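K.L.:
Sharing a structure here in structure tokens format.
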Amino acid sequence: MAKLGEIFPDFEAATSEGPIKFHQWIGDKWAILFSHPADFTPVCTTELGRAARLVPEFEKRNCKLIALSCDSVDSHLGWITDIKATASVDKFPYPIIADEKRELAVKFGMLDPDEVDKAGLPLTARCVFIVGPDKKLKLSILYPATTGRNFDEIIRVLDSLQLTATKKVATPADWKAGGDCMVLPSVKAEDIPALFPKGVTIKEVPSGKQYLRYTPQPE
Ligand code: BEZ
């Protein structure tokens with residue numbers, strides 16, 4: 001299982017767009033690897049369709065998508081026809097990894113023991129791994145096979161990751177792009193004017209500690 005802040009292991013895989021080497025495929029972009037229990041399954045079909053429609057939003061954020069499902073490339077190609085039809089997209093805009101032997105699913109801790117296929121084997125859970133251009137794991141979310149992901153949330157966390165990668169802020173509960181941010185606890189009071197020209201508001205709390213420091217989202 002990859003850990004936050006560590007290099008996400010490189011791997012080679014067959015995909016619906018031909019063979020890839022993961023790190024080379026990422027290049028200098030951000031990447032989201034998201035896994036699926038199986039091809040031709042209803043929730044997965046809605047997820048891949050939603051992700052396909054959102055590709056322009058991911059591109060604006062310099063981010064590539066790649067899905068993984070434990071079936072063959074031929075199966076993926078057949079399934080893509082269904083996804084395109086149900087999502088009303090002409091072109092399917094990202095590759096799907098064919099992890100037929102579940103090697104990557106096992107390696108990356110993606111299996112959901114509570115959901116098994118017809119042969120009794122555990123299905124792949126719905127993992128989301130966000131990898132930075134430095135190839136380090138920036139975020140992982142794990143959903144069981146029975147719960148489809150919220151892709152607005154995936155874009156929201158990508159916005160937060162990209163903002164906090166370069167600015168000394170963190171994003172509060174339910175933050176959305178453009179909303180107020182929190183100054184990092186590690187920032188000293190004397191450094192605030194130079195770092196936050198838009199200003200900082202400190203919220204009073206009963207403890208008297210000045211840690212709730214809000215600032216407009218930095219540029
Ligand atoms: C689905 O994609 O619909 C699904 C797959 C496996 C278990 C439950 C749901």
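K.L.:
Amide H neighbours of L139 under 5 Å, at least 5 residues apart or on other chains, H built in the peptide plane: list them.
P.N.:
It is I130, by chain and number.
K.L.:
Let me ask you something else. Go through A38, L4, A105 and say which Cα lies farthest out towards the positive end of the charge dipole of the chain; charges sit on Cβ, +1 for Lys and Arg, -1 for Asp and Glu.
P.N.:
Of the listed residues, the answer is L4.
K.L.:
May I ask for the angle, rounded to the nearest 10°, between helix 151-164 and the longest principal axis of the chain, with both axes built from Cα atoms and the value confined to 0 to 90°?
P.N.:
Orientation of helix 151-164: about 40 degrees from the principal axis.
K.L.:
Between K168 and L142, 0.36 nm times their residue separation minus their Cα-Cα distance comes to what?
P.N.:
6.6 nm
K.L.:
Sticking with this one: Pull out the extension gain between D191 and Q210, defined as 0.36 nm times the separation in residues minus the alpha carbon to alpha carbon distance; nm, one decimal.
P.N.:
Here the answer is 5.4 nm.
K.L.:
Sticking with this one: Using only the Cα atoms of the chain, what are the Rg and Dmax in Å?
P.N.:
19.9, 63
K.L.:
Do the sum for the chain: with -39,500 (n - 2.57) for every DSSP H run of n ≥ 4, divided by all residues, what is the mean residue ellipticity at 222 nm, to the nearest 500 deg cm²/dmol?
P.N.:
-8000 deg cm²/dmol
K.L.:
Could I ask something else about it? List, in order, the whole-Hz ³J(HN,Hα) value for each residue of the stretch 16-23 obtained from phi through the Karplus relation with A = 6.51, B = -1.76, C = 1.60 and θ = phi - 60°; use x for Gly and Pro.
P.N.:
5, 10, x, x, 9, 10, 4, 5
K.L.:
Taking every pair of Cα atoms in the stretch 167-219, average 1/r, invert it to obtain the Kirkwood radius, and report Rg/Rh to two decimals.
P.N.:
0.94
K.L.:
Most fluctuating residue of L111, L68, L121 in a GNM of the chain with Cα springs under 10 Å: which is it?
P.N.:
Judging by the Gaussian network model, the answer is L121.
K.L.:
Still on this model: Among L184, L65, L104, which one shows the biggest mean-square fluctuation in a GNM of the chain, springs joining Cα atoms closer than 10 Å?
P.N.:
Result: L184 has the largest fluctuation of those listed.
K.L.:
E6 to A85: FRET efficiency via 1/(1 + (r/R0)^6), r the Cβ-Cβ distance, R0 41 Å, to the nearest 0.05?
P.N.:
The value I calculate is 0.55.
K.L.:
If each of E153 and N62 carries a label point 7 Å out from its Cα toward its Cβ, how far apart are those two points in nm?
P.N.:
2.7 nm
K.L.:
Mean-square fluctuation check for the chain, GNM, Cα pairs under 10 Å: which of T86, T201, T45 is largest?
P.N.:
T201
K.L.:
Express as a percent, rounded to the nearest 5, the fraction of DSSP beta bridges in the chain (both residues included) that run antiparallel.
P.N.:
If I count the DSSP bridges inside the chain, around 70 percent turn out antiparallel.
K.L.:
For D117, which sequence-distant residues (separation of 5 or more, or a different chain) have an amide H within less than 5 Å of its own amide H, given hydrogens modelled in the peptide plane?
P.N.:
The list, which skips near neighbours in sequence, is L123.
K.L.:
Taking Cα atoms, how many degrees apart are the long axis of helix 73-87 and the longest axis of the chain, rounded to 10 and kept between 0 and 90?
P.N.:
Between helix and principal axis, roughly 60 degrees.
K.L.:
Just how far, in whole angstrom, is the stretch 154-219 from the stretch 53-115 if you go by their alpha carbon centroids?
P.N.:
Each part reduced to its Cα centre gives a spacing of 35 Å.
K.L.:
Continuing with the same structure: Provide, for q = 0.15, 0.16, 0.17 Å⁻¹, the log10 of I(q)/I(0) from a solvent-free Debye sum over equal Cα point scatterers in the stretch 94-219.
P.N.:
Rounded to two decimals, the profile gives -0.82, -0.88, -0.94.
K.L.:
Here's another thing I want to ask about it. In sequence order, what are the phi-derived ³J(HN,Hα) couplings for the stretch 138-146 according to the Karplus relation 6.51 cos²θ - 1.76 cosθ + 1.60 with θ = phi - 60°, rounded to whole Hz, with x for glycine and proline?
P.N.:
Going residue by residue, I get 9, 6, 9, 10, 10, 10, x, 4, 7 Hz, with x marking Gly and Pro.
No value in this document is a laboratory result; all are computed from the given coordinates. Note that the structure is predicted; figures quoted are calculated from it, not measured. Cβ coordinates were reconstructed from backbone atoms using ideal geometry, including for glycine residues, and neighbour counts include every protein chain displayed.
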